[in-house]
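Report on the structure given below.
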Amino acid sequence: MSSITRIGLLVACTFAAVPAFAADPVTSGMRLVATCANCHGTDGVSANGEFETLPGRSKVELLAKLHAYRDGNLPSTIMQQLMKGYSAEELELIAAYLENEPRPRKK
Ligand code: HEC
């Protein structure tokens, strides 16, 4: 293998290893949080008031809950299954995004 090819491969691998969301955490957080709207409501307030309002809550508190669901330490009907599909980095982005979102008025 020529050294030029080797350098090319090294560069390619370096870029491939950088996760897509590393570029813009806010946009990535927004995309990830969009999937929560089905159940938690488009602005984080569920239409029937069944679910806790998500935006404006502390990141630490949210992250603890999401991890507890994911690790099976917080019994739930849906969230434990759902959270298994997210990496720790994604949960971090979700919680950070929600914390910085303005808390909507109660419906
Ligand atoms: C398919 C419906 C559904 C989706 C999608 C969903 N959730 Fe939930 N969520 C629930 C339900 C139902 C509960 C109540 C716990 C349970 O039984 O699973 C809940 C509870 C929660 C709680 C705990 C609320 C509290 O304080 O008691 C948080 C936090 C939460 N969800 C965050 C999220 C986030 C963030 C997303 C998106 C990444 C999301 N949920 C997507 C249905 C959903």
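The values are calculated or read from the model by the stated rules, or taken from the named source; none is laboratory data. None of the values given here were measured: they were computed from a predicted structure. Reconstructed Cβ throughout: ideal geometry from the backbone, glycine too, with neighbour counts over all protein chains shown.
Summary table below
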{"quantity": "Failed item, numbered, when LYS65 is tested on (1) modelled with pLDDT of 95 or more; (2) more than 9 Å from the ligand (Cβ to nearest atom)", "calculated": "(2)"}
{"quantity": "Considering residues of segment 91-103 that are within 15 Å of the ligand (Cβ to nearest atom) and outside any helix (DSSP H, G or I) only, the residue modelled with the lowest pLDDT", "calculated": "ARG103"}
{"quantity": "Number of the condition not met by ASP43 [criteria: (1) near the ligand (Cβ under 9 Å from one of its atoms); (2) part of a loop (DSSP other than H, G, I, E, B); (3) of a type in the set (Asp, Glu)]", "calculated": "(1)"}
{"quantity": "Residue tally, condition in contact with a Phe, Trp or Tyr (Cβ under 8 Å, 6 or more places away or on another chain) and farther than 20 Å from VAL26 by Cα, over segment 61-107", "calculated": "5"}
